[in-house]
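S.K.: I'd like to ask you about the structure that follows.
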Amino acid sequence: MKKLACMVVAAVLPLAAHAQTPLQSWHADLSQGYARLAASSGQLSEALNQYCAMPDAAGQSAVREQWIKAFMAWQAVRFVEFGPVEQDSMGWQMQFWPDKKNLIARKSQMLLRSETPVTAEKLANEGVAVKGFPALEYLLFEHEAKSGPGSACPLSSVIGNQLEANAETLAQNWQQFQPHFESRDTYIADMVKSAIHATEIIRDKRLGEPMGLHGSNRRLHFLADAWRSEQSLATVQASLEGLNDYFMPGLEQVLKGSAPELLQETRERLTTALEKAHALPPGMKALLNNDESYAQLQSLFISIDALVIHLNDRVAVELGIVKGFNSSDGD
């Protein structure tokens, strides 16, 4: 599996340099993103298998770091909402979130208490709450490093192996999607809509809800994603970097001839948001519990809000794109 992932990375790296149209640019750039996800997921699976052969604190720390690397690779391509990621609920299999009913912990505990080993076949028949990065986060960050009864390792290894397989499937299917994607100009609108929706999700759900700006009006760190690993703000940074690396080059192809000033302003909005995110620690909990630090979160929120408004009111309007209802709206 790992060898295949490396071959995928090597195959797609030269593509972006030869891209000419916006769709070719987007496909080439995202090919690299999906290939990096596949490679890092393969490394995570291998690290899990090695760690679980002899679990100890040092090994757990190392595998946690590898989980973070792979999860950030997913965050970078997370904004894409169409194509292969829609097949078999692949996006949900990679990351089940939000989880307001704590299904990840509850369902994982049920599998940990199972009298029979959890095999790949058994996991395939389970719901998305016990698959992907959040389930691994729960098992790696809320369980001690140990072997024998009560160990989270057997389940972690099975989930890691499936995660690797899913990431490789995504990378391969994105390659096969190329002729269809590049031949239909309607995907220009889909790419822009995906970027807009991703920034709205960052503003409203990944920041706004844990900050108490929506819903309960209470500051609750566990409403953010990746709160168990204290990576909630690192994921926001990774998502913004993904937009910068995998969305902006194609958008430049779209706008550079007709609206160069709009393109420059878009880059400035995104750069400001990235700078705000880079200035913050990876976790959100401490910032929520301190009013002075909370002001830094507010500054990031404001910059994301400005980016959302700009994409909606300027970029989408310039391109004649009407944003439709999304399945996650109003969740």
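S.K.: Relative contact order for the chain using alpha-carbon pairs under 8 Å, separation at least 6, rounded to a whole percent?
M.R.: 21 percent
S.K.: In addition: Keeping the other protein chains in place, figure out the carbon and sulfur percent of the accessible area of the chain, with a 1.4 Å probe.
M.R.: Heavy-atom surface of the chain belonging to carbon and sulfur, 1.4 Å probe: 51 percent.
S.K.: Counting only heavy atoms of protein chains, what accessible area per residue, in Å², does region 189-300 have with a probe of 1.4 Å? Numbers along the way, then the final one.
M.R.: Details: 4530 Å² over 112 residues.
Result: 40 Å² of accessible area for each residue.
S.K.: Let me ask something else about it. Pairs to check: Lys122/Lys323; Lys131/Lys256; Lys146/Lys276; Lys107/Lys276; Lys100/Lys323. Give those whose C-alpha atoms are more than 31 Å from each other in this structure. Intermediate results must be reported in sequence, preceding the final value.
M.R.: Working: Lys122/Lys323 40 Å; Lys131/Lys256 41 Å; Lys146/Lys276 39 Å; Lys107/Lys276 36 Å; Lys100/Lys323 27 Å.
Lys122/Lys323; Lys131/Lys256; Lys146/Lys276; Lys107/Lys276, as the Cα separations exceed 31 Å there.
S.K.: Helix hunt in the chain: which complete DSSP H runs extend at least 15 Å axially by C-alpha with mean Kyte-Doolittle at least -1.0?
M.R.: Correct list, ordered by number: 2-12, 22-53, 57-77, 153-176, 186-201, 232-242, 260-278, 291-310.
S.K.: Using only DSSP helix segments of four residues or longer, with each worth -39500 (n - 2.57), what per-residue ellipticity at 222 nm results for the chain after dividing by its residue count and rounding to 500?
M.R.: -19500 deg cm²/dmol
S.K.: Something else about it: Filter the chymotrypsin sites (Phe, Trp or Tyr not before Pro) in region 35-137 down to the DSSP loop ones having no more than 14 other Cβ atoms within 10 Å, then list what survives.
M.R.: Details: sites: Tyr51, Trp67, Phe71, Trp74, Phe79, Phe82, Trp92, Phe96; in loops: Phe79, Phe82, Phe96.
Listed in order of number, the matching sites are Phe82.
S.K.: List the trypsin sites (Lys or Arg not before Pro) within region 124-231 that fall in a DSSP loop (any state other than H, G, I, E or B) and whose Cβ has at most 15 other Cβ atoms within 10 Å.
M.R.: Sites meeting the loop and neighbour criteria: Lys146, Arg184, Arg218.
S.K.: Do any GluC sites (Glu not before Pro) in region 127-201 lie in a loop, going by DSSP, with at most 11 other beta-carbon atoms within 10 Å of their beta carbon, and if so which? Could the numbers behind the result be given before it?
M.R.: Numbers: sites: Glu137, Glu142, Glu144, Glu164, Glu168, Glu182, Glu200; in loops: Glu142, Glu144.
Answer by residue number: Glu144.
S.K.: Compute the FRET efficiency between Ala295 and Ala120 as 1/(1 + (r/R0)^6), taking r as their Cβ-Cβ distance and R0 = 51 Å, and round to the nearest 0.05. Intermediate results must be reported in sequence, preceding the final value.
M.R.: Details: r = 47 Å, r/R0 = 0.93.
Efficiency at R0 = 51 Å is approximately 0.60.
S.K.: Got a sec to turn the phi values of region 178-185 into Karplus ³J(HN,Hα) couplings, 6.51 cos²θ - 1.76 cosθ + 1.60 with θ = phi - 60°, whole Hz, x for Gly and Pro?
M.R.: 3, x, 5, 4, 6, 9, 10, 5
S.K.: List the extent of the Cα atoms of region 23-150 along each of their three principal axes, largest first, rounded to whole Å.
M.R.: Between the extreme Cα coordinates on each principal axis of region 23-150 lie 52, 30, 27 Å.
S.K.: Could I have the simple spin-label model distance between Ala189 and Gln109, label points 7 Å from Cα toward Cβ, reported in nm to one decimal?
M.R.: Calculated label separation equals 4.7 nm.
S.K.: Provide Ile309, Ile321 ordered by accessible surface of protein heavy atoms (probe 1.4 Å), highest first.
M.R.: Of Ile309, Ile321, the descending order of accessible area is Ile309, Ile321.
The values are calculated or read from the model by the stated rules, or taken from the named source; none is laboratory data. Keep in mind that what you see is a predicted model, and the values were worked out from it rather than measured. Glycine also receives a Cβ, built like all others from the backbone with ideal geometry; neighbour counts cover every protein chain displayed. Accessible surface is based on the protein model in full, side chains and every heavy atom, while ligands, DNA and RNA are left aside. Shrake-Rupley method; radii C 1.70, N 1.55, O 1.52, S 1.80 Å.
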